[in-house]
Amino acid sequence: MHLLIPAAGMGRRMGSDRNKLLLTLLDKPLLAWTLEAAEAATGIDWIGIMGQPVDFPDFQEILAQLNLTKPVELIQGGETRQQSVYNGLQALPTDAERVLIHDGARCLATPELFERCGMALQTCSGLIAAVPVKDTIKVVDQNGLILETPDRQQLWAAQTPQGFEVKLLEECHDQGRQQGWEVTDDAALFEKCGLSVHIVMGEETNLKVTTPVDLSVAEFILRSKIKNQE
Ligand SMILES: Nc1ccn([C@@H]2O[C@H](COP(=O)(O)OP(=O)(O)OP(=O)(O)O)[C@@H](O)[C@H]2O)c(=O)n1
Ligand SMILES: C[C@](O)(CO)[C@H](O)COP(=O)(O)O
């Protein structure tokens, strides 16, 4: 299974002066945690990382420290996550039939989650990891007035990994570019093209490190995991 890791963001909401994936979480950069989980996941045998060229020397340094057994390719990212994934798809080896896409910023995903998604992708053409929403969600208008309270039973929070048949996802990305669709995940392109996307149970701890608070929460979760292993 091929894995693409979008890692070309700026981390604006983190308020840091560099790509947040290079920030240190406990004893190593965020991206290193993500890569370690991918390395440990059976079934993943090729990893592509989409990044901004300015970050490539740091990425190379992380890779040198980790000394992974799986082949890793650095791919130039785009201006948006959507464009970065598009570039990643173009760079996949020609024999790639199915692909998992996992945000570099979701650095707490476990190898088991990658494996669960990889297995499920053998029997469907599109899936995402997701968890049931715990909050009551409100749809609100531009004046701050609630329009609707959707039934929580039907609400799931999208995570990554997201997995797809490569050919179908490429077609959806092409369609998205032609139509000018701007989406925040790949499943949305599949949905817009009328294709089915299945849910695989995600992990509550698989948060996307987006703001400084997330960094503290991620550190807390990692410390708890390490303590439980002792
Ligand atoms: N042009 C972009 C933008 C984002 N990403 C990646 O997509 C994932 C999810 O994006 P997000 O958490 O929003 O990261 P940033 O874009 O870095 O953050 P922000 O939106 O706060 O600037 C991250 O792993 C990020 O590196 C990417 O590959 N290419
Ligand atoms: C793909 C994703 O992580 C699913 O939750 C999310 O949509 C990425 O979106 P962002 O706007 O780049 O944070």
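The values are calculated or read from the model by the stated rules, or taken from the named source; none is laboratory data. In this text, all values refer to a predicted model and were calculated from it rather than measured experimentally. We place every Cβ from the backbone using ideal geometry, glycine too, and count neighbours over all the protein chains shown. Note: accessible area is taken over every heavy atom of the protein model, side chains too, but ligands, DNA and RNA are not part of it. Shrake-Rupley method; radii C 1.70, N 1.55, O 1.52, S 1.80 Å.
Tabulated values for the structure
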quantity: Within a Gaussian network of the chain (alpha carbon springs, distance under 10 Å), most fluctuating of 146, 75, 62; calculated: 146
quantity: HN-Hα J in Hz across the range 175-188 - Karplus 6.51, -1.76, 1.60, θ = phi - 60°, x for Gly and Pro; calculated: 4, x, 5, 5, 8, x, 6, 10, 10, 9, 8, 6, 4, 4
quantity: Average Cα contact separation per residue, the range 1-53, under 8 Å, 6 or more apart, as relative contact order %; calculated: 56 percent
quantity: Potential extension, residue 80-residue 192 segment - 0.36 nm per residue separation minus Cα distance; calculated: 38.5 nm
quantity: Residue-wise HN-Hα coupling along the range 55-67, computed from phi with Karplus coefficients 6.51, -1.76, 1.60 (Hz; x: Gly, Pro); calculated: 8, 4, x, 5, 4, 4, 5, 4, 5, 5, 5, 7, 6
quantity: Qualifying trypsin sites (Lys or Arg not before Pro) in the range 105-202, DSSP loop, other Cβ atoms within 10 Å at most 13; calculated: 134, 138
quantity: Alpha-carbon centroid distance for the pair the range 1-67 / the range 79-153, whole angstrom; calculated: 18 Å
quantity: Whole-number D in µm² s⁻¹ for the chain, Kirkwood Cα-pair radius fed into Stokes-Einstein, 10 °C, 1.306 mPa s; calculated: 87 µm²/s
quantity: Mean Cα-pair separation over length for the range 136-218, i.e. relative contact order, pairs under 8 Å, 6 or more apart, %; calculated: 17 percent
quantity: Pairwise Lys count, the chain - Cα closer than 29 Å, eight or more residues apart or different chains; calculated: 25
quantity: Residues with amide H under 5 Å from that of residue 46, placed H, sequence gap 5 or more; calculated: 3
quantity: Percentage relative contact order, the range 1-226, counting C-alpha pairs under 8 Å, at least six apart; calculated: 24 percent
quantity: Extreme residue, positive dipole direction of the range 1-226, given options 120, 149, 66 (C-beta unit charges); calculated: 149
quantity: Total charge dipole magnitude, the chain, about the Cα centre, Cβ charges on Lys, Arg, Asp, Glu only, Debye to nearest 20; calculated: 440 debye
quantity: Accessible area (Å², per residue) of the range 1-226, counting only protein heavy atoms and a probe of 1.4 Å; calculated: 51 Å²
quantity: Among 24, 205, 149: highest mean-square fluctuation, GNM of the chain, C-alpha pairs under 10 Å; calculated: 149
quantity: Stokes-Einstein D (µm²/s) once Rh is taken as the Kirkwood radius of the range 4-104 over alpha-carbon pairs, at 10 °C in 1.306 mPa s; calculated: 115 µm²/s
quantity: Residue 70-residue 27 FRET efficiency (beta carbon distance; Förster radius 30 Å; 0.05 resolution); calculated: 0.85
quantity: Within a Gaussian network of the chain (alpha carbon springs, distance under 10 Å), most fluctuating of 80, 184, 210; calculated: 184
